[in-house]
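Reviewing the structure listed below.
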Amino acid sequence: MFRILLLQNDATIGERLRNVITAMPEMEVSGMTVTLPQAARSILICPPELVLVDLQLVNTEFETLLDELCGHARDSRPLVLVGALSLDDPKLIQAIAQGADGYFLHGSSTDELQEAIRQVFAGESPLAPRIARQVKAHFEAPAWNGEGFVGETREAMRLSEAQMQMLERICDGYLVHEIAREMQTTPHDVGLGIRTLYRKLQFDRRAALMAGQLN
């Protein structure tokens, strides 16, 4: 069984997520918490494979949790799926940059929520056009001076031609299966490619923090 921990600010949403998860084969809710200390204790006592985090948590708790979870090696920390009320929530792109593996909208249907969970376990990530445009703007004009990075660090911050082509198609509203057809690959590989874009964005943030270019 895959254990999923819920860190939710709204009990009604939390109960709905619990029902959605328990209806899925091989998935179980290991706990439902409303504060960071509660989540930390739950993770220590019964480590989950996935944590669903409510973006409506206060900023300090939200940032602390993601930094604590995502500061560990990928194979030693749970996956993180964040829930937003809207794609316009500025915390969403922030969460991706801090290490989230995927996101979902609280107004999504049961099928959409279950697909978001399956997707993140499959190593894939979602990327809506309006989020993709923010990611593209980042790589075209970073918030910090990328010229300050050299060698392998600077190269790791660049997108390959194929990655940029994929990102541009997402920005234009192409669906995953349409991108797969045009790029002569599979929808699964496109999902994996989107997760790679997440990783590039996250690497940039860590590199900038180490260089003192972000607070």
Exercise. Taking square-rooted eigenvalues a ≥ b ≥ c of the alpha carbon gyration tensor, is region 73-143 rounded, prolate or oblate, where a/c under 1.5 means rounded and, failing that, a/b exceeding b/c means prolate?
Worked result: oblate
Problem set entry | ALA11 versus ARG130: modelled label distance in nm, points set 7 Å from Cα along the beta carbon direction | 3.1
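Set the Förster radius R0 to 41 Å, insert the Cβ-Cβ distance between ILE45 and ASP189 as r into 1/(1 + (r/R0)^6), and round the FRET efficiency to 0.05.
0.65
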For this session: Determine, for THR12, THR196, the number of other Cβ atoms within 10 Å of each Cβ, and report the residues in order from fewest to most.
Result: THR12, THR196
Exercise. What is the order of LEU6, LEU159, fewest Cβ neighbours within 10 Å to most?
Worked result: LEU159, LEU6
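Since every read-out is calculated from the coordinates, none of them should be taken as a lab result. All of these numbers come straight from a predicted model, not from anything done at the bench. Glycine gets a Cβ as well: all are built from the backbone with ideal geometry, and neighbour counts include every protein chain shown.
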